[in-house]
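Undergrad: There's a structure below that I have some questions on.
Readers should treat all values here as calculations from the given coordinates under stated rules, not as data from a laboratory. Just so we're clear, the structure is a prediction, and the values are computed from it rather than from any experiment. With ideal geometry, Cβ positions are generated from the backbone for all residues, glycine too; neighbour counts draw on all protein chains shown.
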Amino acid sequence: MKKKVLHYKTVTVIILIGLVLFFIAFDFRLKLENQLDKQAVALLSRRVDMIADVINNEFSEQFEILESLAEMIVDHHHDEEQIISMLNNFNDNASSRRLTYTDINGNSILEDGMRFSISDRLYFQETINNGYSITFVQQSYVDGMAKVILSKAIFDTNDQFSGMLSSIYDDQSFYDLFSDLDYEVYVLMSGIDGQVMIDINMKDEPIKIDNVFEFYESVSTYDEEIASKIKLDVKAGLSDIMVIGKGLDRHYVSYFNVDHTDWMIFTAVPYMTIWTQFNAIEDISMGLFIQILMVFMIIVLLVYYFEYKKREEIAIERRLLQRSEERYRILDKLTQSMIIEGDFKSDTITFLSNHETIFGYSPRTRRISDYLSKNPYIHQDDICKIQKFIDDLKRGTTFTAIDCRLISKNDVCFWSRVTGISLMDTNNDVIGFIARVTNRDEQIKQINTLKDAASKDSLTKIANRDSIESQVNEYILSRNDQKEIAAFFVIDMDNFKDVNDKQGHLIGDKLLIEIASTMDKMFRKSDFVGRLGGDEFAVFMCDVPSIKTVTDKADELLKNVSEIMKGYNNNNHLSCSIGIAIAYDNKELFEQLYIRADQALYRSKAKGKDQYIIDDIKKGDRNDRV
């Protein structure tokens, strides 16, 4: 009887242990599914953020190029031949979009001379009213296809609308932005009403719908509450990523707003598409379930089993990590960029991809501090930029980006865009960062060339009036130490009109170029030399130790100009007159100094020319220097 009771107790205990183990295994599987859902959402969130940054950065860079090109068009007084030439130059360097110019009446022209009118387009009026526009057009006048158009107004020197520039993107341009995704995904672009504008599907069989909400409503496990939330978020321009549905029919969906527009980008990834990337983890969960039952039946092998299982899990995690890193390496090779990982606790920096391709030597783990202080592959002028970039990441900046110059092993200097994100631990303390380096040499050099051309005088190639005014004001406003003085020269060529009248404008232009070149060489690199217009020049001497230094330079300038004039004195009595204003503090800007120097110049001409007069307002001195 006791043996029978003991047997029942044993069977009961075994059954209870079995049930406990079964529910533990079942609960583990549910938690594993939830955890993997979170990991999938986090992975998609990072990918979506990356694509959103690419789209928004692309739009920002295009507006910078349009702004620079607009300045050049204003400088060339809207000359059509010059405009077509500039459009050809820009379009040759950008296959993803075409540039067009439109005059104030809505007449547009492409680089190949094709003409059409957009006066009836809403984005033309929107650009006039707002100064810019980002618009979707269902049927382009160029080829009848759907386009996304970025427009920037051109304003003349009186801030009046004088035309506009546009960048035209097609479906392929947006498809390329999503081409790094290594899994099948539905991607749609729509307005806040849900109407589909562009279908950018990575699937072999794209869905054919007119409204994005039709897709969410077609899911078999459709949730009315979640669908309502999506519609409200879209109308409010909010972003989110979530899991819709249950079981094998669920989808991972996301949506986010495109900057400066009311457009939304929608993505939907089927559950099975994502979970194929986690097959190994799925196998682990099933294996664990089976092995727990085996432990229940073969209790004597318990210790051995768990030791074996632990080793197996570590090996699988390593394989998964290697596979993940390999995917990132392939992705970065396709995008010609480099991933960097930094660890602030160990002060180490690790290059994960493309380092040898970019720099010409194999990567190695280094100390972050050494990388900044002992690195010949960073341009010295940009060390401070990178130091601030890392300091921002240390402070926990969510996202930061800089443009800096890097140097390859062959001493080739190139511009790069560096973007970074801080990494946090469970206590929200910053432990490191992930950064991405992308080659942007061609784009940045193109922008810098345009800015440099806009600041130079077209004839003499020295600074123009706007540029020297900006340089002088920036210097004056930044002055803290006022122990030294500054001197503002206004130089005017005496009887220069005779050269143009008697010898021709070509000779006059040659004389101006020679004088500008001489002035640029005789003054210090820290001084500002420019042409104000016509035969009038300006020089601003920074940080001058004494008035004598100013008079020495004025005497040298008169002498040098006199020597130049000898070659052009065809009974023209050529010379130059100079007016100089002395500045002691930061209370007078360019306009005030120019007025004082111009008045001194007038007095020097009235006294017989070929001389200079110094206006020293602090000492009440009006010295005549011949």
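Undergrad: Which percent, to the nearest 5, of DSSP beta bridges fully inside the range 505-617 are antiparallel?
TA: 55
Undergrad: Distance in nm between label sites at residue 589 and residue 77, each 7 Å beyond Cα in the beta-carbon direction?
TA: For the pair residue 589/residue 77, the computed spacing is 3.0 nm.
Undergrad: Further question on the same structure: Which distance in nm do the two modelled labels at residue 38 and residue 19 give, with both placed 7 Å along the Cα-to-Cβ direction?
TA: 3.0
Undergrad: Translational D (Stokes-Einstein, µm²/s) of the range 456-625 at 37 °C and 0.692 mPa s when Rh comes from the Kirkwood sum over C-alpha pairs?
TA: 204
Undergrad: Something else: Add +1 for every Lys or Arg and -1 for every Asp or Glu among the other residues with Cβ under 12 Å from the Cβ of residue 500, and state the total.
TA: For residues surrounding residue 500, the net value is -1.
Undergrad: Considering only C-alpha atoms, what is the centroid distance from the range 97-170 to the range 517-594, in Å?
TA: 45
Undergrad: If you take the beta carbon distance between residue 231 and residue 495 as r and set R0 to 60 Å, what does 1/(1 + (r/R0)^6) give as a FRET efficiency, to the nearest 0.05?
TA: With R0 = 60 Å, the Cβ-Cβ based efficiency is 0.20.
Undergrad: Quick one: net charge of residue 476's neighbours, Cβ under 9 Å, K/R +1, D/E -1?
TA: Neighbour charge sum, excluding residue 476 itself: -1.
Undergrad: Taking the Cα centre of the range 469-626 as origin and charging only Cβ (+1 Lys, Arg; -1 Asp, Glu), how large is the dipole, in debye to the nearest 20?
TA: It works out to roughly 320 debye.
Undergrad: Could you put 404, 413 in order, starting from the residue whose Cβ has the fewest other Cβ atoms within 10 Å?
TA: 413, 404
Undergrad: Measuring from label point to label point, each 7 Å out along Cα→Cβ, what is the residue 395 to residue 117 span in nm?
TA: Inter-label distance under the simple model: 5.5 nm.
Undergrad: Sorted from fewest to most neighbouring beta carbons within 10 Å, what does the list 119, 416 look like?
TA: Fewest-to-most Cβ neighbours within 10 Å comes out as 119, 416.
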